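Reviewing the structure listed below.
Each reported figure results from applying straightforward, stated rules to the coordinates on display, with no laboratory input. The model shown is predicted, which means the values in this text are computed figures rather than measured ones. Because the Cβ atoms are built from the backbone with ideal geometry, glycine has one as well, and the counts that use them run over all protein chains shown.
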Amino acid sequence: MTVPDLEHALDALSARVTSLREARTAYPSELAPTLDAALAELDTATELLAEARAELSRASDRRQGGKKDGPQRELKLLRQVFRAFPVPVIVLDGGGVVRRVNGETSRVLGSPDGYLVGRSFPLLVDVSRRAAFRSHLTSVLQTGQPAAFETRLAHQGRTHTVQLALTRLTMPGEPQQMVAAVALPTEVQLPGPAAERPEQSDGALLMAAARRQDLLARMGALLLDEEALRQPVALPRATRLLAAGWADWVIADVVRDGLPRRSVVVAPKDHPLGGLVRQVEGAEPAAAQVVAQVLARGSGVVHEMVDDETLLGFCADGPLLTAMGAGSLLCVPIGTGDGALTLVREHHRPPFTLADLGVMQEVGLQLGLAVRAQRSFQRRSRAADALSASVAPRNLPDVPGYEASAIYHPGASVGAEFYDVFPVEGGWGFALGGAVGKGEEAASVSALVRGGLRVLSAWESDPDVVVRKVNEALMKQGSGMFVMAVAGFVQGRRIRLSSAGHHPAALMQPDGSVRFAAGGGVPLGISPAAETAVEEITVGMGQTLVLYSEGLVSSRNEAGEPYGEERLADVLGRCAGQSPATVVKAVEADRSAFSGGQVWDEIVVLALRGV
């Protein structure tokens, strides 16, 4: 067949293929005759390719015979014929890598011209049929016998059921044999509107950009939520958000002790929880090439088509990406060396793009900041909890002859109030007070005073001696802070009090009347010569001694008025005959109502009732 004859046959084939497409559209209920005719045309296309190959071979022979211009013109013509061929034709090398595609291939698969060149064609084939395709490809290369079979191709959001014909080619100038794959679609599933490539129109591009901005806004709001700082929920929440609309699989690996550890795996919703999900969770991220690459370089990568299915490591069934049905992959660092975030889309989904990589790198940066903020917050929270535990006992001991109860309400920040009840020689002791100030330094000074009062009380029989020695120790520390405190020793019905600038204790009578002790004295830490106020109180049966913190009486309402001791006396008077537990709860409830539920400083109330 001469070149003009080949051109004529090609034009005729193109016309017949166009007629078959029109028939399929016009008569969708009678696809069988149309399909039979299409298969016949596929055979014709295969024969034309064989003729083109023969003509190419003859042109090569003529070139070797010394003719120069003629063969070049014929080769150019054959290339034009290949590009204009009316059915998809893909030229593959022996490894299945795409070497050439014609325009119809790009049109049917929905990819830009030349996009598939250099990529592995088996990655377009349905996962369940890749092994069969590779077997057919090897057989055609080795035997030279053509092969035709049905398979499915997935690319750019389209799914095609095709009749695929493979024919061996010997290409001039190529050191190895090639295979021509002719694909005749018999069924095409087009992507929905949301799956179309953003490059198709300015409107689609604008919508895609808005969608990316919406993701960043939602991610920022999610990661700045207070609970995300208090609890380790930032990673699970972020990965679920990404899995909802951006990927089929989302994997977060976090670096601990210098190595990446698998932290979160979110699988497709319709995927069973066992099996593959457990294998992905159990895979070692340090063995994943793509994770190691991202962590080493500190920048993300995108694979619009997964050429190497071993990038994410292996499972019992082989490469993880093969088992996951991966078509496209994206991996970005979390923060600066804090981990890696990997997103995988299956073959039926549009591939990730460079624009997706850009927005995911921003997501990874936000996620890294959130993870670091969470760690810092939790460290400070644990330190605050430890300080709080150092200024208040977990449980009150049983004090013979008394019923005791206390309430401790933390303030808006780490504060400095403390209270304690502890055994002393021949009885029990208690202490209550707080450093003037806020923050960790004030809390540490209060913890020092509380510990000093408890320890020294093991050797001293007078609370005033204990208070004075603690003042001496505080002055030597040179912290510059002063502490209001009261300490008391309980000996039977007598309670000996030593006050260093603290509020006076309140004594409730069974009839509801309330009187206050003297209180007074100078706070600890102001002068080496402590000036304390000492007083002895007798607490009979039915009487209740109430001690309280500065934070209680200084609480304010919306008008700026202090809670004060008069209001406290009114509340205590209404609690006549009530248990200490009821008393402290009533006081706190009244203060909360007075200040609109606001708490600025710690609230401490300690009650001892004679029984």
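Between Ser592 and Arg278, how high is the FRET efficiency from 1/(1 + (r/R0)^6) when r is the Cβ-Cβ distance and R₀ = 45 Å? Nearest 0.05.
For R0 = 45 Å, the calculated efficiency reads 0.35.
Taking a ≥ b ≥ c as the square roots of the eigenvalues of the alpha carbon gyration tensor, region 220-370 is rounded, as a/c is under 1.5.
Note on Ala529 and Glu47: the model spin-label points, each 7 Å out from Cα along the C-beta direction, lie 12.5 nm apart. Fully extending the segment from Ala569 to Val436, taken as 0.36 nm per residue of separation minus the present Cα-Cα distance, adds 45.4 nm. For region 92-136 versus region 319-381, the spacing of their alpha-carbon centroids is 28 Å.
Sorting the Cα pairs of region 406-562 by distance into bins of 5 Å, from 0 upward, gives 2, 9, 18, 22, 20, 15, 8, 4, 1, 0 percent per bin.
Multiplying the residue separation of Arg134 and Gln176 by 0.36 nm and subtracting their alpha-carbon distance yields 13.4 nm. Alpha-carbon geometry of region 82-174: the Rg and the Dmax are 12.7, 36 Å, given in that order.
Under a 5 Å amide H cut-off, with hydrogens placed 1.01 Å from N, Phe352 pairs with Leu329 among residues at least 5 apart or on other chains. In this entry, region 484-611 is assigned a mean projected area of 8.0 nm², taken as a quarter of its C-alpha convex hull surface. Set the Cα radius of gyration of region 514-571 against 2.2 N^0.38 Å, with N its number of residues, and you get 1.44. Using the Cβ-Cβ distance between Asp462 and Ser579 with R0 set to 25 Å, the FRET efficiency from 1/(1 + (r/R0)^6) comes to roughly 0.20. For region 523-611, the relative contact order is 43 percent, taking Cα pairs closer than 8 Å that sit 6 or more residues apart in sequence and dividing their mean separation by the residue count.
Could you sort 317-329, 130-142, 594-606 so that the peptide with the highest average Cβ count within 10 Å comes first and the rest follow in order?
Descending packing order for the listed peptides: 317-329, 594-606, 130-142.
Each Cα pair under 8 Å and six or more residues apart adds its sequence gap; the mean of these over the residue count of region 424-481 is a relative contact order of 39 percent. Distances longer than 19 Å among the Cα atoms of region 548-611: what percent of all pairs is that? When all Cα pairs of region 548-611 are counted, 26 percent exceed 19 Å. Extension gain, Gln289 to Glu472: 0.36 nm times the residue separation minus the Cα-Cα distance gives 59.5 nm.
Each residue of region 110-120 is assigned a 3J(HN,Hα), and the resulting list reads x, 10, x, 4, x, 4, 7, 4, x, 9, 7 Hz, derived from the Karplus form 6.51 cos²θ - 1.76 cosθ + 1.60 (θ = phi - 60°), x at Gly and Pro.
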